[in-house]
Amino acid sequence: MNILVTGACGQLGHEMQLQAAQNPQHSWFFTDVVTSAPATDQVGGVFVTVSPLDITDRSAILDFVDAHEIDIIVNCAAFTAVDRAESEPEKAHLLNATAPGYLAAAIEHRGGHLIHISTDYVFDGTAHIPYTEDQPPCPVSVYGRTKLAGEKAVLAENPSAMIIRSAWLYSRFGNNFVKTMLRLGQERSELGVIFDQIGTPTYARDLAATIMTAINNGIVPGIFHFSDEGVCSWYDFTLAIHRLADITTCHVRPLHTAEYPTPASRPHYGVLDKSKIKATFGIKIPHWEASLEKCIKELMTD
């Protein structure tokens, strides 16, 4: 199959490049918003060509999909700056809602499939048990509202699309919470981290592997939830990061959300129920701390 991966230079996009190297039976096309084209990206010793594609340009998407006879699109592109989205709602909507609709329509035109990545931020975080796919969304931020609008646009344009909501994504690639806490832990003697927001850290490599399972086993339409197993707060997550990286000189203290105000509201509880995706694809999901250990070992050797 011919597979297009958008947002190839992001965390999940880089992990999909590694999946591509392990699945050469498919023809892969990686795109992102790059200034010079094509660019060469080296991931895991594999050189990948990343071509420019503006996913906010409907005609450009249609031309690319038709020219390369794309069968599947994996949309890893998004406006993920949660706080900045509050002051740039039009840009967030363009990337998180309008563009996914264009991608869905383009692949529907070819009779193909779209795998679109969404977020736990479509929920308001007032629940106390893990969210299932059939619970009504109620986002409390511009980011969450635009991601929910993207889900609706995708399904309106392409009912055969698969939407995967995930949470607290990190990787050895790009900028993320794990890398920030490693840096701050080495730079500071004390650090305050939110303890009253609960969720599940998700290693982008685990999500990429699940996407690959769906591609190889047959994409199933609908909305699915995926994160690693277990739950923690950002505070607990930070303690684990420092322990696994053997950072002992930084004292981490718990903060209430009110002590660290941000432009965007965040769900206090964003744990996702993974029963549906586990039953559908027969997958076993690792605990977040086991995956974190793998990622930190890679980061420490980079």
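The values are calculated or read from the model by the stated rules, or taken from the named source; none is laboratory data. Bear in mind the structure is a predicted one, so any value in this text is a computation, not a measurement. Glycine gets a Cβ as well: all are built from the backbone with ideal geometry, and neighbour counts include every protein chain shown. All accessible areas refer to the heavy atoms of the entire protein, side chains included, with ligands and DNA or RNA removed. Shrake-Rupley method; radii C 1.70, N 1.55, O 1.52, S 1.80 Å.
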Of every hundred units of 1.4 Å-probe accessible area on the chain, the number belonging to carbon and sulfur atoms, as a percent, is 52
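Given N residues in region 52-207, what is its alpha carbon radius of gyration divided by 2.2 N^0.38 Å?
The value comes to 1.15.
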Heavy-atom accessible area per residue of region 134-293, all protein chains kept, 1.4 Å probe, expressed in Å², is 42
With no solvent term and unit scatterers on the alpha-carbon positions of region 1-143, Debye gives log₁₀ I(q)/I(0) at q = 0.12, 0.16 Å⁻¹ of -0.54, -0.90
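First select every other residue whose beta carbon is under 14 angstrom from the beta carbon of Ala105; then total the charges, Lys and Arg +1, Asp and Glu -1. If you can, show how the numbers build up before the last one.
Numbers: positive: Arg58, Arg110, Lys152; negative: Asp57, Asp63, Asp66, Glu108, Glu157.
For residues surrounding Ala105, the net value is -2.
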Of Asp124, Asp54, Asp228, ordered by accessible area with the largest first and a 1.4 Å probe, the sequence is Asp54, Asp124, Asp228
Here region 85-96 yields Karplus 3J(HN,Hα) values (6.51, -1.76, 1.60; θ = phi - 60°; whole Hz; Gly and Pro given as x) of 4, 5, 9, 10, x, 5, 5, 4, 5, 4, 7, 8
Computed on Cα atoms, the radius of gyration and Dmax of region 115-241 in angstrom are 16.1, 52
At 25 °C and 0.890 mPa s, the Stokes-Einstein diffusion coefficient in µm²/s for region 236-285, with hydrodynamic radius from the Kirkwood sum on alpha carbon pairs, is 168
Expressed in square angstrom to the nearest 10, the accessible area of Leu94 with a 1.4 Å probe stands at 70
Taking region 130-204, the equivalent ellipsoid from its C-alpha gyration tensor has semi-axes in Å, biggest first, of 32, 15, 11
Taking the reciprocal of mean 1/r across every pair of different Cα atoms in region 169-221, the Kirkwood radius in Å is 13.7
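Quick check on the chain: helices-only [θ] at 222 nm, where DSSP H runs of length 4 and up contribute -39,500 (n - 2.57) each and the sum goes over total residues. Nearest 500, please.
-11500 deg cm²/dmol
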Treating every alpha carbon of the chain as one equal point scatterer without solvent, the Debye formula yields log10 I(q)/I(0) values at q = 0.08, 0.13 Å⁻¹ of -0.33, -0.92
For region 183-302, the dipole about the Cα centre with charges only on Cβ (Lys and Arg +1, Asp and Glu -1), to the nearest 20 debye, works out at 320
At q = 0.13, 0.24 1/Å the base-10 log of I(q)/I(0) from the Debye formula over the alpha-carbon atoms of region 92-164 is -0.37, -1.01
So the angle from the long Cα axis of helix 11-22 to the longest Cα principal axis of the chain, reported in degrees to the nearest 10, equals 60
Dipole check, region 211-302, charges on Cβ (K,R +1; D,E -1), about Cα centroid: among Ala214, Cys250, Phe226 the Cα furthest to the positive pole belongs to Ala214
Set Lys91/Lys284; Lys91/Lys294; Lys152/Lys284; Lys179/Lys278; Lys91/Lys297; Lys152/Lys294, cut-off 32 Å on Cα-Cα distance; pairs above it are Lys91/Lys284; Lys91/Lys294; Lys91/Lys297; Lys152/Lys294
Quick shape summary for region 190-302, equivalent ellipsoid via Cα gyration tensor, semi-axes whole Å in descending order, reads 29, 19, 10
Between the modelled labels at Glu69 and Met1 (7 Å from Cα along Cα→Cβ) the distance in nm is 1.6
Expressed to one decimal in nm², the mean projection of the alpha carbon convex hull of region 147-190 is 4.7
Residue by residue through region 149-166, the couplings from Karplus 6.51 cos²θ - 1.76 cosθ + 1.60 with θ = phi - 60°, in Hz, x for Gly and Pro, are 4, x, 4, 5, 5, 4, 5, 5, 7, 8, x, 8, 6, 10, 10, 10, 8, 10
